[in-house]
1. Considering each residue of region 32-44, count those that are under 19 Å from Gly114 (Cα atoms) and either among the hydrophobic types (A, V, I, L, M, F, W, C) or surrounded by fewer than 16 Cβ atoms within 10 Å (Cβ to Cβ) (or both), and give that number.
2. Between Ser99, Ser78, which is among the small types (Gly, Ala, Ser), at pLDDT 95 or above and farther than 28 Å from Leu194 by Cβ?
3. Among the residues of region 104-134 satisfying the criterion of being modelled with pLDDT of 95 or more and hydroxyl-bearing (Ser, Thr, Tyr), which is nearest to Phe174 (Cα to Cα)?
4. When region 149-173 is examined, which residues are found to be surrounded by fewer than 15 Cβ atoms within 10 Å (Cβ to Cβ) and in contact (Cβ under 8 Å) with a residue 24 or more places away in the chain?
5. Looking at region 56-105, which of its residues are of a type in the set (Ser, Thr, Tyr), surrounded by fewer than 16 Cβ atoms within 10 Å (Cβ to Cβ) and assigned to a loop (DSSP other than H, G, I, E, B)?
6. Would you please list the contacts, defined by Cβ atoms under 8 Å and residues six or more apart or on different chains, that run from a residue in region 93-116 that is among the basic types (Lys, Arg) to a residue that is assigned to a loop (DSSP other than H, G, I, E, B)?
7. Give the residues of region 1-53 that are in a helix (DSSP H, G or I) and either charged (D, E, K, R) or in contact with a Lys or Arg (Cβ under 6 Å, 6 or more places away or on another chain) (or both), sorted by residue number.
8. Restricting to region 35-69, give me the number of residues that are over 19 Å from Leu155 (Cα atoms), free of Cβ contacts under 8 Å to residues at least 40 places away in the same chain and polar (S, T, N, Q).
Amino acid sequence: MRRLKIQVEVKGAFPDRGLLISNHLSYLDILVYSSLSPCVFVSKREVRSWPIFGQMACMAGTVFIDRSRSADARRVNSEMRQALATGAVVVLFPEGTSSDGSSVLPFRPALFEGAIGAGERVTPAHLRYDVSDGSPQQDVCYWGSMTFLPHLLRLLSKTGVRATIHLAAVARKFEDRKSAAQETYEMVRELGQLTSARARATLSAAE
């Protein structure tokens, strides 16, 4: 992360095992989380073909899912259970896509089954980017119709990128995937609101 000139700030305790649920903003998300602890990631299959970051994702043991095939969720849940059984931290971005960070998109419940089947706890987390010399929505978040290479070059030109991860104080087990998706969605939204409020307070104090 130092080479990319990105500072990472963590609020809360990073889990030592189980499923970690996070909002999804950029191809950087995998690098940010893996800089804190070895993790297994679940990501869309398109990431595998991205220059540099696709190779890094493969090296991190990422489980790739074909979101165009609903049946592929069964295979991915099975691989998630296997990883969780070894005591790994598995990171899932249940929005199913990335966003500009202005809001948390609804969570898809299908891939929560891996943690439920493994009997593992789920830790919600919220990720936020700030850029002192630019816009996080345009320079860090990768969403919509953005093109990878121009975006990467723009990101590399920035010198003041900070990633803030706010982790829930309590991890818990769930009995069904729909309640898991809904409850963790609400928790991630609340964490995001806390992080945004603190960022505004810091900015006001600096002015």
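1. Number satisfying all stated conditions: 5.
2. Being among the small types (Gly, Ala, Ser), at pLDDT 95 or above and farther than 28 Å from Leu194 by Cβ holds for just one of Ser99, Ser78, which is Ser78.
3. Thr123
4. The answer is Leu149, Leu156, Thr159, Gly160, Ala169, Arg172, Lys173.
5. Ser68, Ser70, Thr86, Thr97, Ser102, Ser103 - these are the residues of region 56-105 that are of a type in the set (Ser, Thr, Tyr), surrounded by fewer than 16 Cβ atoms within 10 Å (Cβ to Cβ) and assigned to a loop (DSSP other than H, G, I, E, B).
6. Arg108/Pro94; Arg108/Glu95; Arg108/Gly96
7. Passing the criteria: Asp29, Arg45, Glu46, Arg48.
8. Result for region 35-69: 3.
The values are calculated or read from the model by the stated rules, or taken from the named source; none is laboratory data. Predicted, not measured: the structure shown is a model, and the values here were computed from it. Every residue, glycine as well, gets a Cβ built from its backbone with ideal geometry; the counts of neighbours run over all protein chains shown.
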